[in-house]
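Worksheet: one structure, shown below.
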Amino acid sequence: MSTLRRIIQHTLRFPMSSMLSLVLAFACTALILVLPAVTLRFIDVIIPQKRLDLIIPTAALGVLAIGGRQLLFTLRTYFNNALELKITHLIRVELYDKLQRLPVKWFDTKSSGEIMTRVADDVPTMDRVVIEGIDQALAAVLQFLIVLGYMFFHSWQLTLVTLIPLPFIGLITSWWSKRSESKWRESSEASSALHALLHDNLSGIRQIKAYTVEPEALDHFDSASRKVGEKHMNVMRGQSIVWPAVSLIAESGIIIMVAFGAWWAIEGKITPGTVISFLVAWGFLFDPISHINKLSQTFTRGIVAAKRVFAIIDTSDESNLTEGDRPNNFRGEVKFDQVTFAYGEEAPAVSNLTLHAAPGQTIALVGPTGAGKSTILNLLTRFYDPSHGQILLDGKPIESLSKEWLRDHTGYVTQESFLFNTTLRENLQLAKSDASDEEIWQALESANAATFVRELPEGLDTVAGERGVRFSGGEKQRLSIARALLKNPPLLLLDEATSALDNHTERLVQQALETLRSERTCFVIAHRLSTVRNAHRIYVLKDGTIVEHGTHNQLIAQNGLYTELAQATLK
Ligand code: ADP
């Protein structure tokens, strides 16, 4: 119920359009009474009294009413669709805005495909509730009441007989809508899962081809798609029994009504015109009921979709995004004081970590995969917060600072250098929205990226392709270094690429990184000997703890894990 109330609240954000919808629904409905009234007049007045003069005006009135109703109907369709689109837009934007404010942790547990289904499918599905549901259901209830009033006015006895099937229909439909909700939910969950899989497989199409796992991927897709069909069939199997049963009960009602009508007409209690006009009115009375099938389907699906959408909207925002201190300057001193953090229930990804970077120093993090190196960078950007201990920036606890301020002062260059599918200029301007072409070229120059960008026929207007597929790994890296240079942050977080680049590109990337690192504090997940050699301090991690630290020479002298790593993995 509260879900429905929230949908209605959203609708009421457009009070004028909602009012218009209601008024049109009411007017359309009221006009249907003309038809049984005209029939009654023909049979009980015009025929017995042989009033030929009344035939044309009465018929004209009937036609006029039908024409008026259709005209109103056209307007209603137009305005209702306009209202629906406005509500869909409102909720879709609200949902997207929310998604951007959710903590990174939330995204760890959801697949992109699932989220995309919510935005692309669930929002319009929930909004159908407004138009088909509220508009048509309301019109149906109105129609039912108006026709019922008309019938009561002419013969309350025959009206009661007409209503005999109603309680049975009510029982069946309410039982079915309760029962079908879980079936609809399973059906829409299955289609979300299918979308999620499709999204994943398309993103990973290169891996699928490279490992020639197309048959396995097809099998997965086949079974996910089959499941969608099965779950949908579950609902449809029920529908295929329930709705014919409802029609059967409703239509048997006509016979009962005509039988009683004939009996009472013979006894002279009612006129034959009343029986015939009841027959015409019956169509309008049960017309809403024949729509219950579609309406209840729309409603149940819409409520299921709305619950999923509201579940996201109700999730708490990432905390402290804008609140918190915004110091005027940041020297770039970083301290971890006995920091412990776990992603979930499992063992901590880092525990009891203490480390220090003076302003301008380069700190190298090395260690086997899973040692906790990326976690340190995630904590520094506050994608996650430590469960114990403290991180201090220029001596201030990190949680006292605004996240926005922190991220404005941090550059993050990841291994998977992400480029959006837009022009290079726009990709670079992410770092500085008002950067001029001159500044951009300067950054590209320092990042050793200017030469290849200049060779592109469209230069800065070149579109990067999805996730930057147009560029090679080394090129993407240099572009993202240029982006970081443009931002010019005092604190730099760098995840050095593990993939081997050719010697020439490697040298270009290394030079670019040198430029980027100079004069700012830098945490680098290092995979190269040249990087660690130049670092002010190296922290060697294993299973989330620091096992050794010092300069390259000091660590080599210790002949421990670092020496082992240097021989095996650092080149
Ligand atoms: P490294 O960067 O040294 O390879 P990470 O910091 O990525 O190591 O990972 C440290 C540990 O935390 C690993 O056991 C890893 O499986 C786990 N981990 C990393 N990211 C997540 C995440 N988003 N959710 C749950 N566990 C994670």
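The values are calculated or read from the model by the stated rules, or taken from the named source; none is laboratory data. Remember, predicted model here, so these are calculated numbers, not experimental data. Heads up, the Cβs are rebuilt from the backbone with ideal geometry, glycines too, and the neighbour counts pull from every protein chain shown. Accessible surface is based on the protein model in full, side chains and every heavy atom, while ligands, DNA and RNA are left aside. Shrake-Rupley method; radii C 1.70, N 1.55, O 1.52, S 1.80 Å.
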Study note, to complete from the structure: Beyond 32 Å, the calculated P(r) of the stretch 334-570 holds a percent of Cα-Cα pairs equal to 21 percent
Practice item. Using only the Cα atoms of the stretch 323-392, build the gyration tensor, take square roots of its eigenvalues as a ≥ b ≥ c, and label the shape rounded, prolate or oblate: rounded if a/c is under 1.5, else prolate if a/b is larger than b/c, else oblate. Key: oblate
Practice item. Any chance you could give the angle, 0 to 90 degrees and rounded to 10, that helix 272-313 forms with the longest Cα principal axis of the chain? Key: 10 degrees
Check your understanding: What span do the alpha-carbon atoms of the stretch 76-223 cover on each of the three principal axes, reported in whole Å from largest to smallest?
Key -> 78, 33, 28
Review point. Using the alpha-carbon atoms, what tilt in degrees (0 to 90, nearest 10) does helix 473-487 show relative to the longest principal axis of the chain?
Key: 90 degrees
Study note, to complete from the structure: Plugging the Cβ-Cβ distance of E404 and Q567 into 1/(1 + (r/R0)^6) at R0 = 41 Å yields, to the nearest 0.05, a FRET efficiency of 0.40
**Study point:** Normalised alpha carbon radius of gyration of the chain [divisor 2.2 N^0.38 Å]
**Key:** 1.44
Review point. Measuring from the lowest to the highest alpha carbon on each principal axis, how far does the stretch 230-364 reach, largest first, in angstroms?
Key: 105, 38, 19
Practice item. Calculate I(q)/I(0) for the stretch 250-303 by the Debye formula, one identical point scatterer on each C-alpha and no solvent, and give its log10 at q = 0.20 Å⁻¹ to two decimals. Key: -0.71
Revision key, fill the gap. Chymotrypsin sites (Phe, Trp or Tyr not before Pro) in the stretch 378-426 lying in a DSSP loop, each with at most 15 other Cβ atoms within 10 Å of its Cβ, come to F418, F420
Review point. Where in the stretch 278-294 is the amide nitrogen less than 20 Å from a point lying 7 Å along the Cα-to-Cβ axis of A245?
Key: 289-294
Point to revise | the stretch 128-184: C-alpha pair distances exceeding 17 Å, % | key: 58 percent
Practice item. Give the cross-link partners of K335 among the lysines, using a straight C-alpha distance below 25 Å as the criterion and excluding same-chain residues fewer than 8 apart. Key: K105, K373, K396, K403, K487, K542
Study note, to complete from the structure: Per the Cα gyration tensor, the stretch 168-309 corresponds to an equivalent ellipsoid with semi-axes, largest first in Å, of 52, 13, 11
Exercise for review: Please work out the FRET efficiency for the pair N320 and T369, using the Cβ-Cβ distance as r and a Förster radius of 35 Å; give the result to the nearest 0.05.
Suggested key: 0.65
Check your understanding: Expressed in nm to one decimal, what extension gain is obtained for the pair K294 and L160 from 0.36 nm per residue of sequence separation less their Cα-Cα distance?
Key -> 45.6 nm
Point to revise | Kirkwood hydrodynamic radius (C-alpha pairs) into Stokes-Einstein, the stretch 138-219, 25 °C and 0.890 mPa s, D in µm²/s | key: 138 µm²/s
Point to revise | Within straight-line cross-link reach of K178, lysines at Cα separation under 16 Å, skipping those fewer than 8 residues along the same chain | key: K294, K307
Practice item. Determine which residues of the stretch 339-369 fall in the zone a paramagnetic label at K542 would reach in this model, i.e. backbone nitrogen under 16 Å from the point 7 Å along Cα→Cβ. Key: 351, 366-369
Review point. Relative contact order for the stretch 334-570: what is it in percent, counting Cα pairs under 8 Å that are at least 6 residues apart?
Key: 29 percent
Study note, to complete from the structure: Loop-resident chymotrypsin sites (Phe, Trp or Tyr not before Pro) in the stretch 1-100 with no more than 11 other Cβ atoms inside 10 Å, DSSP not H/G/I/E/B, are none
Exercise for review: May I ask for the equivalent-ellipsoid semi-axes of the stretch 401-468, computed as the square root of five times each C-alpha gyration tensor eigenvalue and listed largest first in whole Å?
Suggested key: 23, 14, 12
Check your understanding: Using 1/(1 + (r/R0)^6) with R0 = 22 angstrom and r between the beta carbons of Q415 and N488, what's the FRET efficiency to the nearest 0.05?
Key -> 0.50
Review point. Taking θ as phi - 60°, what are the ³J(HN,Hα) couplings along the stretch 338-347 by the Karplus curve (6.51, -1.76, 1.60), each to the nearest whole Hz, with x for Gly and Pro?
Key: 6, 8, 10, 8, 10, 5, x, 7, 5, 4
Study note, to complete from the structure: For the stretch 1-140 the translational diffusion coefficient, Stokes-Einstein from a Kirkwood Rh over Cα pairs at 25 °C and viscosity 0.890 mPa s, in µm²/s, is roughly 133 µm²/s
Point to revise | Difference of contour (0.36 nm per residue) and Cα-Cα distance, R507 to D44 | key: 156.6 nm
Revision key, fill the gap. To the nearest Å², the heavy-atom accessible area per residue of the stretch 334-570 with 1.4 Å probe amounts to 44 Å²
Study note, to complete from the structure: Sorted largest first, the Cα spans of the stretch 2-313 on the principal axes come out in Å as 89, 41, 33
Practice item. Can you pull the one-decimal nm distance between simple spin-label points at S387 and L138, each 7 Å off the Cα toward Cβ? Key: 5.1 nm
Review point. Under a plain spin-label model, where a point goes 7 Å from the Cα along Cα-to-Cβ, how far apart in nm are L148 and L61?
Key: 2.7 nm
Review point. For the stretch 430-496 and the stretch 236-297, what is the separation of their Cα centres, given in Å?
Key: 72 Å
Review point. Going through the stretch 273-348, which GluC sites (Glu not before Pro) have at most 13 other Cβ atoms within 10 Å and a DSSP loop state?
Key: E323, E345, E346
Check your understanding: Label-point separation (nm) for E466 and K105, each offset 7 Å from Cα along Cα-to-Cβ?
Key -> 3.2 nm
Check your understanding: Considering the alpha-carbon set of the stretch 187-230 alone, what are its Rg and its Dmax in angstrom?
Key -> 10.9, 33
Exercise for review: Evaluate the relative contact order of the chain (contact order divided by residue number), counting alpha-carbon pairs under 8 angstrom at least 6 apart; express in whole percent.
Suggested key: 15 percent
Check your understanding: Hey, any idea what % of the stretch 326-378's accessible area is carbon plus sulfur with a 1.4 Å probe?
Key -> 44 percent
Check your understanding: By how many degrees, 0 to 90 and rounded to 10, does the Cα axis of helix 2-11 deviate from the longest principal axis of the chain?
Key -> 90 degrees
